[in-house]
Every structure is written in C-alpha cells, then in structure tokens.
Amino acid sequence: MDKDKIIVALDVSTIKEAERLVDILSPHISVFKVGMELFYSCGPKAIDLIKKRDKDIFLDLKFHDIPNTVKNSAKAVTRFGVFMFNVHAQGGADMMKAALEGAEEESNRLGIDRPRILGVTILTSIESSEENVLNLASLTKESGIDGVVASPQEAKAIRKALGEDFLIVTPGIRPEGSEKGDQKRTATPREALDAGADYIVIGRPITKAKDPVKVIEGIQIS
Ligand code: C5P
C-alpha cells in the first residue's frame, strides 16, 4: 500500500508553520488537510500554498447549518479547487443534499472536477455506539454524498453495510508508540486500512514530531 492514502492534518495557525510542514512533507504526501485552526487563522492563503505545490486539499470545516447556507458555502469552497470537503451528517439529509447541489452546480459552471464530499458521523474524540455511527453513515449515503469521516473502529461495519463505492476516511490514527492525546477511538494505520479505510488522517504524530519524515517512513502500510 502506498503512502498516498495518508492525509496529513496541518493543524497549525501560521502560514510559516504550514509552509514548513508542506515543504518537508510534499515529497512523501499527496493530500493535506486544512482544518479550522489553519483556515480561520490564515484563510485562503493556506489553500494557495498547498495548491502551488500541486498537492490535493481536504478542507475540513465540517459544515453544520441550514441547507441554503451550506449550499452556498459548498459553492465557495468548490471555487477553491479543493479535492475534498466535509459536512456534519448530523446536519441531516437535506443539508447534505444541499452541499452536493452547491458543489455540483459550481463545478459544472467552472468546468472543474466536483470536490468529494464527506459526512462526519461522530467525532473520534467522542465515545459512541456503532449503531449510531452506522445510522449516520447510511443517511450520508442516501443523501448522495461520497463517503464518511469515521473512526477506524467503525470502518469495517460501514464498509460491510454500505459497500465498496463509498469513501471512508478515518482520523484518530496513532502509529505504534505515539501518544493518543484527546482521541479516544484510535487505531494504527495498518489496522485502519485493513478495516476498509480509503484514506487515513494523521495530525500530531507527524506534525509534532522532531523528524516528521521519519515518522512517515516508519509507518508500515504495505
Ligand atoms: O492530531 P490528530 O491525528 O489527532 O488529528 C486528527 C485530525 O482529524 C484533526 O485535524 C481533527 O480535527 C480531525 N478530525 C477528527 N475526527 C473527526 C473529523 C476530523 O479527529 N471525526
């Protein structure tokens, strides 16, 4: 398995720090995640710095609002040319459909690829039942969006219930020997991929490491 399945979460608050990490990691990583911390600190400049290096972006802003607002926000992030963005599945089917409509309309208008849209089931920092996560994952699929963000511990059940044609992205990944921090439902990279994840999101174990490249090289996923 190749390291293209690793998405690095750039949870920093300055362009300087983001740039440092992207420069170090670009030879090894294809997709970078821009979340609330970096986006609310630096705005679209954070997107530009990644695009300049021809890397893909997962914009993790977890929309959760009325359908009309989400539709127009989906249009706005589609204009950034991101590869993927997400919404909270708990925002409901109408909201998820609105996100899809917005992304579809705007990407058609611009003649670009439509971003993949993921529904966040339950945050990996919260304890939850598998049933709860599965219900939200089903609602996500019924709404027509492309997949879910879920804990690695539920990936297997989601894959089994919802089939192959559905993206599963799992944060809460901890390579062997790294600190759990505030994440509760964690797994190693290998475990998450074996459970059916298409992409794994890793933040602090890489970004806070003295030698981030060494951590990536040490991840056993093939
Ligand atoms: O540092 P760490 O590896 O815990 O980072 C995980 C990243 O995944 C964070 O950026 C966090 O916001 C994000 N995330 C998560 N749980 C979700 C969705 C996103 O931990 N359900």
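The values are calculated or read from the model by the stated rules, or taken from the named source; none is laboratory data. Quick caveat: nothing in here was measured; it's all calculated off a predicted structure. Heads up, the Cβs are rebuilt from the backbone with ideal geometry, glycines too, and the neighbour counts pull from every protein chain shown.
Restricting to the range 95-123, name every residue that is more than 16 Å from the ligand (Cβ to nearest atom) and β-branched (Val, Ile, Thr).
Answer for the range 95-123, where residues must be more than 16 Å from the ligand (Cβ to nearest atom) and β-branched (Val, Ile, Thr): just Ile112.
Lys184: within 15 Å of the ligand (Cβ to nearest atom), of a type in the set (Lys, Arg) and either within 23 Å of Leu167 (Cβ to Cβ) or under 18 Å from the mean Cα position of the chain (by Cα) (or both), yes or no?
In short, yes.
For Lys156, which of the numbered conditions (1) of a type in the set (D, E, K, R); (2) near the ligand (Cβ under 10 Å from one of its atoms); (3) touching a Gly at 6+ places or on another chain (Cβ under 8 Å) fails to hold?
(2)
May I ask you to verify whether Gly203 is within 15 Å of the ligand (Cβ to nearest atom), farther than 25 Å from Ala99 by Cα and at pLDDT 95 or above?
Taking the combined requirement at face value, the residue satisfies it.
Criterion first (in contact with an Asp or Glu (Cβ under 6 Å, 6 or more places away or on another chain), under 14 Å from Thr207 (Cβ atoms) and among the charged types (D, E, K, R)) does Lys33 satisfy it? Show your work before the answer.
Numbers: in contact with an Asp or Glu (Cβ under 6 Å, 6 or more places away or on another chain): yes; under 14 Å from Thr207 (Cβ atoms): yes; among the charged types (D, E, K, R): yes.
So Lys33 passes the test.
State whether the residues of the range 164-173 include one that is at pLDDT 95 or above, under 23 Å from Gly91 (Cα atoms), of a type outside the set (D, E, K, R) and more than 15 Å from the ligand (Cβ to nearest atom).
Checked against the condition, which is being at pLDDT 95 or above, under 23 Å from Gly91 (Cα atoms), of a type outside the set (D, E, K, R) and more than 15 Å from the ligand (Cβ to nearest atom), the range 164-173 yields at least one hit.
Would you call Arg109 over 23 Å from Val201 (Cα atoms) and touching a Leu at 6+ places or on another chain (Cβ under 9 Å)?
Answer is no for this residue.
Looking at Val133, is it in contact (Cβ under 8 Å) with a residue 12 or more places away in the chain, within 15 Å of the ligand (Cβ to nearest atom), touching a Phe, Trp or Tyr at 6+ places or on another chain (Cβ under 8 Å) and farther than 26 Å from Pro27 by Cβ?
No.
So Glu127 fits all but one of (1) within 18 Å of the chain's Cα centre (by Cα); (2) at pLDDT below 95; what number is the exception?
For Glu127, the exception is condition (1).
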